[in-house]
């Protein structure tokens, strides 16, 4: 068990078990890298995941849920949050 002290509380963290389906090539790379670094597969995987999570989110990631990604169709409409009526006026131009 790992204990971390924070300003207002002491937090005890317990390792959680989970299962990942990794492509065979990724597993081989992880095992090789862990061996080269004198680490365990588990320690290396945790380190790499923590490093990845510490990075800012990529603006090119897929949107969550059922949101569609923005697309560019050329010129800007010049209308912010247009109503149906405003869109029909633009089409008629």
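The values are calculated or read from the model by the stated rules, or taken from the named source; none is laboratory data. This is a predicted model, so every value here is computed, not measured. Every residue, glycine among them, receives a Cβ derived from its backbone with ideal geometry; neighbour counts consider all protein chains shown.
Observations on the model:
- Among residues that are modelled with pLDDT under 65 and at negative phi, residue 8 is included.
- Selection count, the stretch 26-60, where residues are in a loop (DSSP other than H, G, I, E, B) and either touching a residue at least 12 places away in the same chain (Cβ under 8 Å) or farther than 30 Å from residue 70 by Cα (or both): 3
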